[in-house]
Amino acid sequence: MKGKLCLSVLLLITLNLISNIVLEVEAQACNPSGKVRGRKPPPGQCNTENDSDCCKQGKMYTIYKCSPPVSSQTKAVLTINSFQKGGDGGGPSECDNQYHSDDTPVVALSTGWFNHESRCHKNITISGNGRSVVAMVVDECDSTMGCDSDHDYQPPCPNNIVDASKAVWKALGVPHSDWGELDIVWSDA
């Protein structure tokens, strides 16, 4: 009996150590990939719609080639973006080379989650503010580059961003005065 109890305790300790190691590895799974130096945008070249930031001359911005692991409840930060022509999203969407109405629930995902276009035109479920909405992935929120004309002289995205159209914010019932950033969870629909 003592042998079985000792073996059970040893097994529990081993499993606990293994799970701690796995959690540490996952936490370190997405480290910064480097930095990009900010350049001052030419006059009128940085669109500040939706309170978008413009790069600051000489400031160093962290870049990422990865995002945190995806789970059934992936934590993220919801930001706002216009996917319309002339909006702060810049050029047409990466997935289809098209612009999308602010009234359509569409999103851009940070580079790691966008995963080389593997989520293009796939739906994700976003939960926040006590509600959920389904939105289609149409673009990448580039975490690897920024502060150039291709990115409207905006900094690189952090690695945990779901950049959403106004339709997503409305569907989540967030008051317009609170649009900007919201802690959410998302999952593949």
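The values are calculated or read from the model by the stated rules, or taken from the named source; none is laboratory data. Owing to the predicted nature of the structure, the values given are computational and were not obtained by experimental measurement. Backbone-built Cβ (ideal geometry, glycine too); neighbour counts: all protein chains shown. Just so you know, the surface numbers come from the protein's heavy atoms only, side chains and all, with ligands and any DNA or RNA stripped out. Shrake-Rupley method; radii C 1.70, N 1.55, O 1.52, S 1.80 Å.
For segment 62-76, which positions are surrounded by 16 or more Cβ atoms within 10 Å (Cβ to Cβ) and either closer than 18 Å to H176 by Cβ or among the hydroxyl-bearing types (S, T, Y) (or both)? Within segment 62-76, Y64, S67, T74 qualify. Among the conditions (1) of a type in the set (F, W, Y); (2) surrounded by fewer than 21 Cβ atoms within 10 Å (Cβ to Cβ); (3) modelled with pLDDT under 95, W179 misses just one, which is (3).
Out of everything in segment 43-56 that is among the charged types (D, E, K, R) and touching a residue at least 40 places away in the same chain (Cβ under 8 Å), what residue ends up being most open to solvent (accessible area, probe 1.4 Å)? Reasoning before the result, please.
Step one: filter segment 43-56 for residues among the charged types (D, E, K, R), giving 49, 51, 53, 56.
Within this subset, residues satisfying the condition of being touching a residue at least 40 places away in the same chain (Cβ under 8 Å) are 51, 53.
Working: D51: 133, D53: 104 Å².
In this case the residue turns out to be D51.
For a quick check of your reading of the model, give me the residue pairs whose first member lies in segment 92-107 and is crowded, with 19+ Cβ neighbours inside 10 Å, whose second is aromatic (F, W, Y), with beta-carbon atoms closer than 8 Å and at least 6 apart or on different chains. Within 8 Å, the pairs are S93/F83; S93/Y99; H100/F83; D102/F83; V106/F83. Could you go through segment 115-137 and let me know if any residue there is closer than 25 Å to M60 by Cα, in contact (Cβ under 8 Å) with a residue 60 or more places away in the chain and under 12 Å from the mean Cα position of the chain (by Cα). No - not one qualifying residue is present in segment 115-137. The sole residue among K40, K59 that is surrounded by 10 or more Cβ atoms within 10 Å (Cβ to Cβ) and modelled with pLDDT of 90 or more is K59. Taking the condition surrounded by fewer than 22 Cβ atoms within 10 Å (Cβ to Cβ), modelled with pLDDT of 95 or more and under 22 Å from P69 (Cβ atoms), does S110 pass? Here the answer is no, as S110 does not meet what is asked.
What are the residues in segment 77-91 that are part of a strand (DSSP E or B) and surrounded by fewer than 19 Cβ atoms within 10 Å (Cβ to Cβ), if any? Show your work before the answer.
Here is the first cut: in segment 77-91, the residues part of a strand (DSSP E or B) are 77-80.
Across segment 77-91, the qualifying residue is only V77.
Among the residues making up segment 141-158, those that are open to solvent by 20 Å² or more (accessible area, probe 1.4 Å) and touching a strand residue (DSSP E or B) at 6+ places or on another chain (Cβ under 9 Å) are D142, T144, M145, D148, P155, C157, P158. Would you point out the residue of segment 115-131, among those that are under 18 Å from L78 (Cα atoms) and charged (D, E, K, R), that is least open to solvent (accessible area, probe 1.4 Å)? Once the filter is applied, the top-ranked residue is R119.
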